[in-house]
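Since the structure comes first, as C-alpha cells, the remarks are kept for the end.
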Amino acid sequence: MSKLKQDLRPLGDPKSWANSAGTYISGQAFIDGADAMAIDMERKWGAGRLRLLVSSELREKFDRQRFLFNAAIWHGDLEAVRLQSERMTKAWRALDGAAEAAQALPLSPLVWELALTDGTVVAIVRNPEDARAVRVEGRQVVTYDLEELGRMLEVYNEVTKVKEAFPGATVTQLRRQSISDPLDQIRDAKDLDQPLDDMVPIFS
C-alpha cells in the first residue's frame, strides 16, 4: 500500500482554514473584513496610492503585513487567517491616520480610479478640466474623460476587426514610469525568509 502523496498546492495542507465548509465560511469572513477596509481606503485615497503617501518605514511595515496576510490565506490555519486579517485591518488604519496627519489630499470626488492587472491605474473624469484633479504620485496613471470613452466605444468594433485581421496581435506597454508593488514579485511564499527563486506559481 503506497503512502498518500502530500498535497503541496496552496490551501492543500490538511490544517488549512479552507478544508471544511465551516472553517471556510469563518476564514472568509475574516478575509472579507480586511478586504472591505482595503476597498474603503482605495475609494478614499485612490488605487495603490495610500502606501506611497507615508514614510518608507511605515510602508515597509505595511508591505510586510500584506505579505503575512497573503501567506496566511494560502498556507495558514483558521487562527492564522483571523490574526493576520485583524492585523491587516489595523495596518490600513495606520496608513490612513499617517496620511491624514501628513495632510495628504484624498482622491478628488471628480475622479474615479480603477487598477488594471498590470498595475496601471485608469482615472476617469467627466471632462478635460476635471483631469487636473488627477493625482499621480509615483503611479502609472492613464486618464480618460467621458468624451474620449465615448469615441473609444464607437471605434471598438473597428479595433476588434483589426485584431481579427492580425491574429496574435497584442497591445504592449513600451515603458513604465511608476513605482511597482513589491508583492507582485512574490506570488506564493510561506515566510519572509523564503528565497525568491524557491516559489511556485499560485496557479499551476
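The numbers here are math on the coordinates, done by the rules we state, and not lab data. This structure is a prediction, so every number in the text was calculated from the model and none was measured. Here Cβ is always computed from backbone atoms with ideal geometry, including for glycine, and neighbour counts include all displayed protein chains.
Stretching ARG43 away from ALA165 to a fully extended chain increases their span by 39.9 nm, per 0.36 nm per residue minus the current alpha-carbon distance. Please compute, over every Cα-Cα pair in the range 21-106, the percentage with a separation greater than 14 angstrom. Beyond 14 Å sits 62 percent of the P(r) for the range 21-106.
Less than 5 angstrom separates the built amide H of ASP145 from those of VAL125, all sequence-distant by 5 or more or on a different chain.
Packing, as the average of other Cβ atoms within 10 Å across residues, places the peptides 87-93, 145-151 in the order 87-93, 145-151, highest first. For ASP40, neighbours were defined as the other residues whose beta-carbon sits under 11 Å from its Cβ, and their charges (Lys and Arg +1, Asp and Glu -1) total 0.
Cβ-Cβ distance of ASP184 and GLU154, R₀ of 22 Å, FRET efficiency by 1/(1 + (r/R0)^6): the value works out to about 0.05. Note on LEU114 and ALA133: the model spin-label points, each 7 Å out from Cα along the C-beta direction, lie 1.9 nm apart. Taking one quarter of the surface of the C-alpha convex hull of the range 70-151 gives a mean projected area of 7.6 nm².
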